[in-house]
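In what follows, a single structure is set out as structure tokens and then discussed.
Laboratory data are not the source of any read-out in this text; all were calculated from the coordinates shown. Because the structure is predicted, anything quoted here is derived from the model rather than measured. Cβ placement follows ideal geometry from the backbone for every residue including glycine, while neighbour counts extend to all protein chains displayed.
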Amino acid sequence: MVGTAHGRYKKAPKLNIERIGEIHKKTNAHLVLHGGSGVPDDQIKAAIDAGIRKINFATDLCYAFIDGYKALDPTSAPLDIIMAKTSENVKAFAIEKIKLLDSI
């Protein structure tokens, strides 16, 4: 364990960057951070520098959708319009992480 778990945190986790680096050095494997949601950007960048090559942000993506839906009146437009507006939150989150990860 390097400091994350699935789900939403009450406070931001603290990754064990040194341990990630040690694991990467000993295995030379492409490491995955399965719990990237809620991890501060500076720790994400440090984890990549230490050997993380894939990061999962599923919880944050789900909450981007849910938060977008909660901000709308679902009776104000047809469902396809509501879903498109809600999806904009997910798109904005994804673009933010793509930029953070220098993956453009």
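The dipole here belongs to segment 58-104: it is taken about the Cα centre, uses +1 on the Cβ of Lys and Arg and -1 on the Cβ of Asp and Glu, and is about 40 debye.
Scalar couplings 3J(HN,Hα) for segment 62-76, obtained by applying the Karplus form with A = 6.51, B = -1.76, C = 1.60 to θ = phi - 60°, are 4, 5, 4, 5, 4, 5, x, 5, 4, 6, 10, 8, x, 9, 7 Hz; x denotes Gly and Pro. What residues from segment 21-47 fall in the zone where the backbone N is under 19 Å from a label point 7 Å along the Cα-to-C-beta line of Y9? Counting backbone N atoms under 19 Å from the label point, the list is 21-22, 32-47. Projected label points at D80 and S103, each 7 Å from Cα along the beta carbon direction, are separated by 3.0 nanometres.
Using a Förster radius of 22 Å, what is the FRET efficiency between D41 and D73 based on their Cβ-Cβ separation? Nearest 0.05, please.
0.10
In the chain, the longest principal axis of the Cα atoms and the axis of helix 79-100 are about 20 degrees apart. Against the main long axis of the alpha-carbon atoms of the chain, helix 17-27 sits at an angle near 60°. Taking every Cα-Cα distance in segment 58-104 and sorting them into 10 Å bins from zero, the calculated P(r) comes out as 28, 46, 21, 5 percent.
For mean projected area of the Cα convex hull in nm², the value calculated from this model appears in (i) 7.4; (ii) 8.2; (iii) 6.9 under label (i). Close Lys pairs in segment 24-100 (alpha-carbon distance under 23 Å; sequence gap of 8 or more, or different chains): 17. If the Kirkwood radius is taken over C-alpha pairs of segment 1-56, then at 4 °C and 1.567 mPa s the Stokes-Einstein diffusion coefficient equals 116 µm²/s.
If you average the alpha carbon positions of segment 11-31 and of segment 70-104, how far apart do those two centres end up, in angstrom? Each part reduced to its Cα centre gives a spacing of 31 Å.
Charged side chains reduced to their Cβ positions (Lys and Arg at +1, Asp and Glu at -1) give the chain a dipole of some 380 debye around its Cα centre.
Dividing the mean sequence gap of close Cα pairs (under 8 Å, 6+ apart) by how many residues segment 1-56 holds gives a relative contact order of 41 percent.
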